[in-house]
Amino acid sequence: MNKQKLWDKFGQTFRDFDLESGAYKAPGRVNLIGEHTDYNDGFVMPMAIEKEITMLAQLRPDRKVKFYSLDYDQLVEYDLDNLEYDEENVWANYLMGVIDEIQKLGERLQGFNLMFTGNIPQGSGLSSSAALEVVTAMAITDLHKIKIDGVEMALLAQRAENNFVGVQCGIMDQYISRLGQKDHALLIDCRTNDYELVPFKNDNYQIVICNSKVERGLVDSEYNQRRRECNQAVEFFAERENVEITALRDVELETVEKYKDQLEENVYKRAKHVVSENERVLASQIALETDDMQKFGELMYASHRSLSEDYEVSCKELDILVDLAAEEKIEGARMTGAGFGGCTVNLVKKDNLDQFVANIKEKYKEKTGIDADIYVSNPGDGAHKF
Ligand code: ADP
Ligand code: MG
């Protein structure tokens, strides 16, 4: 729907109060490299994708908030003074969480209407939830003329997901959705929360995302297990090395190898993945800055092998997608997101794009019986008013 049509729909849904209004967008993201490094104080490098949530917003003269989800065709209403988790309309909690965090800053809000629609596939690891939080934060702060910088807004959106929705996510998704820029990836240091834009523009290449359509089933229990193993590794190294080690971020690959025989096999493999993945992220930054796409592609393949063999968070379908990509001789491919389903991210020469898409679709279907969804995207812009 174009902007005018959206506003027409907004007018039909809500009474026009002739008060401050605006239109906003926030994108989903794909993590290019740096998987399972965030909770180890390490590095990640996502980019914003050209899929987003679009939101229209207008102030009301009372203390009511009304949200209309176009995609679910649901209209809900709450009171600013009494926001409680909504078991029925789960999507509304992402918006309420943002309001709650803004109110916690001591801001006195007035009522407003929000209407939104998105084209980010939900629950596939492309972070539709962060996009929804960030676009809501941008809409509300802009309508109320609340001054808040990009980092603060991203952190506020993260708190909304942690506290109100109850999902303990890291900072990556909200950071990239808010701070991403066209033709750039974002290198984020998950220890300091510092970030750096990394140029990612090469007209000969395209980022292609393949959705395995496998639901990320095992994630929670396996995720907790991996975190325990990482902590075990940290304790082990901290006791034996003479440098301060508070996270796997502080460990060198040499050290991991030195203790290979003394470590439990799984703990060794998890540590090896995290430590080597951090190195790959930093090497990827250099590769992109020097426009060395071949090198970046090799690092992507290496990341996948490490996730599949050492961290053991891939699954049959993701491995098939990466193997098929390698058969197409594209520059790079890897699973992206927490694993056990979700998507792969691929670096493909533009000249080979059509053939790549057609072959992957056909062969993946042949091997798994599943129709993969495929999205082509360049690094897009972060959240903005439009
Ligand atoms: P992901 O962030 O990986 O896409 P999550 O489970 O974290 O998956 O977030 C998905 C949830 O976000 C959906 O179940 C829904 O509640 C909400 N959401 C995302 N996009 C939309 C949308 N376009 N309309 C309504 N709710 C949405
Ligand atoms: Mg999410």
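The values are calculated or read from the model by the stated rules, or taken from the named source; none is laboratory data. On a predicted model such as this, the values are computed, not experimentally measured, just so you know. With ideal geometry, Cβ positions are generated from the backbone for all residues, glycine too; neighbour counts draw on all protein chains shown. Please note that ligands, DNA and RNA were not included when accessible areas were found on the heavy atoms of the full protein model with its side chains. Shrake-Rupley method; radii C 1.70, N 1.55, O 1.52, S 1.80 Å.
The table below gives the values:
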| item | result |
| --- | --- |
| Residue 3 paired with residue 62, simple spin-label distance in nm, labels 7 Å along Cα-to-beta-carbon | 3.1 |
| Proximal charge balance of residue 131 [Cβ under 13 Å; K/R count +1, D/E count -1] | -3 |
| The chain: calculated mean residue ellipticity at 222 nm from DSSP helix runs of at least 4, using -39500 (n - 2.57) | -12500 deg cm²/dmol |
| Accessible area (Å², per residue) of the stretch 53-135, counting only protein heavy atoms and a probe of 1.4 Å | 39 |
| Label-point separation, residue 376 to residue 227 (7 Å along Cα→Cβ), nm | 4.0 |
| Residue 68 accessible area, assembled protein chains, probe 1.4 Å, Å² | 20 |
| Solvent-accessible surface ranking, highest first, for 273, 144 at 1.4 angstrom | 144, 273 |
| Two-site FRET efficiency, residue 168 against residue 282, from Cβ-Cβ distance with R₀ of 22 Å, rounded to 0.05 | 0.25 |
| Between the stretch 126-198 and the stretch 310-352, the Cα center-to-center distance that results, in Å | 26 |
| Cα→Cβ-extended label distance, 7 Å offset, between residue 104 and residue 289, nm | 3.6 |
| The stretch 179-329, accessible surface, carbon-and-sulfur percent (1.4 angstrom probe) | 41 |
| For the stretch 2-136, share of DSSP beta bridges that run antiparallel, in % to the nearest 5 | 85 |
| Accessible area per residue in Å² at 1.4 Å probe, computed on the stretch 156-227 | 45 |
| At most 13 other Cβ within 10 Å, DSSP loop - trypsin sites (Lys or Arg not before Pro), the stretch 116-176 | 145, 147 |
| The stretch 234-278 - charge dipole about Cα centre, Lys and Arg +1 at Cβ, Asp and Glu -1, debye rounded to 20 | 160 |
| Label point at residue 20 placed 7 Å out along Cα→Cβ; residues across the stretch 138-170 whose backbone nitrogen lies under 12 Å | 139-148 |
| Percent accessible area from carbon and sulfur atoms, the stretch 56-174, protein chains only, probe 1.4 Å | 43 |
| Test item: Cα-centred dipole of the stretch 314-369, Lys/Arg +1 and Asp/Glu -1 on Cβ, debye | 100 |
| The stretch 72-146: chymotrypsin sites (Phe, Trp or Tyr not before Pro) in DSSP loop, at most 14 other beta carbons within 10 Å | 72, 85 |
